[in-house]
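The values are calculated or read from the model by the stated rules, or taken from the named source; none is laboratory data. None of the values given here were measured: they were computed from a predicted structure. Using ideal geometry, Cβ is built from the backbone for each residue, glycine included, and neighbour counts are taken over all protein chains shown. Each accessible area value is taken on the protein alone, full model and side chains, heavy atoms only, with ligands, DNA and RNA left out. Shrake-Rupley method; radii C 1.70, N 1.55, O 1.52, S 1.80 Å.
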Amino acid sequence: MKIAFIGGGNMGEAMLEAVLGKKLADPAGIAVADISRERLDYLKKRYGVAVGQRGKEAAAGRDIVVLVVKPQNLPEVAAALKGNLEPGQLLLSIMAGVSIAKLSASLGHDSIVRVMPNMPAQVGYGASGWTATAAVTGEQKEWTRAILGAMGKEIYFADEACLDMVTAVSGSGPAYFFLLAEALIDAAVGLGLPRPEAEALVSQTMLGAAHLMVKSGRPPAELRRNVTSRGGTTEKALGVFEAGGFAGLVADAVRAAHRRAKELGS
């Protein structure tokens, strides 16, 4: 497949690296457009792809056009691409909060996939929720699955409204995870552990817990019960979380993120 990336940010580079790493496309079949000359020089040198500052030229003759710009940059991208996209081209957008209806109206195009990836895609462990218009072909859906699957796990949603929920859960989710890790490290240092050792312990504990949850196939509630002995240290700690309304606080945070995602898309 031939792919154009409009924008060259971290997520765009993660997708580019995954596509090349899984040999879904050759460097010769990929073009990147970005306003930063320095960024383009870096991408050309590292990946051997064609680069330029004009989205129209990058998109010409490509099977897939990937929009990896910020939502506020949509008007200028639309000005360059509207009327220049071929009917058979797949437009894949990872712009948070920008609806398919808005993309279609702005770009005058119908074959659209909207994706909500997350930060761990940069290391091949991403979670991407996506949806597609009726105009997207079966082959184009398989292309999408291959690209997103190269970055981690992909989940298709028939209802576009689910993507705002995905944004609140997995899109913003890494920040919740990092916040807990930060607090746990600080608590460990408060007990007297040296910070480097505390960081290593917390990182490995979270990595191991995540792998165990995925590989065991058991629900997190069961795993939590298995590690919680009656009258033990874990039970005591969890009691503090429960007394502080931990579950309710998490639910409130996710709902706040969901409301904001809908506001950004309106």
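Quick notes
- Within region 181-193, the only residue that satisfies the criterion of being loosely packed, with under 12 Cβ neighbours inside 10 Å and touching a helix residue (DSSP H, G or I) at 6+ places or on another chain (Cβ under 9 Å) is 191.
- Selection status of residue 161, loosely packed, with under 14 Cβ neighbours inside 10 Å, within 21 Å of residue 99 (Cα to Cα) and touching a Lys or Arg at 6+ places or on another chain (Cβ under 9 Å): yes
- Here residue 155 meets each of (1) within 30 Å of residue 246 (Cα to Cα); (2) of a type in the set (Val, Ile, Thr); (3) open to solvent by less than 20 Å² (accessible area, probe 1.4 Å) with one exception, condition (3).
- Only residues that are more than 26 Å from the chain's Cα centre (by Cα) and among the polar types (S, T, N, Q) were counted across region 75-94, and they come to 1.
- Within region 19-31, one or more residues are more than 13 Å from residue 147 (Cα to Cα), of a type in the set (A, V, I, L, M), open to solvent by less than 50 Å² (accessible area, probe 1.4 Å) and not in a helix (DSSP H, G or I).
- Qualifying residue in region 101-113 (condition: closer than 22 Å to residue 261 by Cβ and part of a loop (DSSP other than H, G, I, E, B)): no
Per-residue answers, yes or no, for (1) of a type in the set (S, T, N, Q); (2) open to solvent by 10 Å² or more (accessible area, probe 1.4 Å); (3) touching a helix residue (DSSP H, G or I) at 6+ places or on another chain (Cβ under 8 Å):
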site: 64; (1), (2), (3): no, no, yes
site: 68; (1), (2), (3): no, yes, yes
site: 74; (1), (2), (3): no, no, yes
site: 82; (1), (2), (3): no, yes, yes
site: 86; (1), (2), (3): no, yes, no
site: 92; (1), (2), (3): no, no, yes
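- Taking (1) at negative phi; (2) out of contact with any strand residue (DSSP E or B) (no Cβ under 6 Å at 6 or more places or on another chain); (3) in contact (Cβ under 8 Å) with a residue 40 or more places away in the chain in turn, residue 7 satisfies each apart from (1).
- In this entry, residue 166 is excluded by the filter for residues that are open to solvent by 40 Å² or more (accessible area, probe 1.4 Å), within 19 Å of the chain's Cα centre (by Cα) and either under 29 Å from residue 122 (Cα atoms) or charged (D, E, K, R) (or both).
- Residues satisfying the stated conditions in region 114-139, i.e. in a loop (DSSP other than H, G, I, E, B), among the hydrophobic types (A, V, I, L, M, F, W, C) and in contact (Cβ under 8 Å) with a residue 40 or more places away in the chain: 136
- Pairs with Cβ under 7 Å, 6+ apart, first in region 145-162 and free of Cβ contacts under 8 Å to residues at least 40 places away in the same chain, second part of a loop (DSSP other than H, G, I, E, B): 152/124; 152/125
- A single entry from 135, 101, 127 fulfils the requirement of being modelled with pLDDT of 95 or more and either surrounded by fewer than 18 Cβ atoms within 10 Å (Cβ to Cβ) or hydroxyl-bearing (Ser, Thr, Tyr) (or both): 135.
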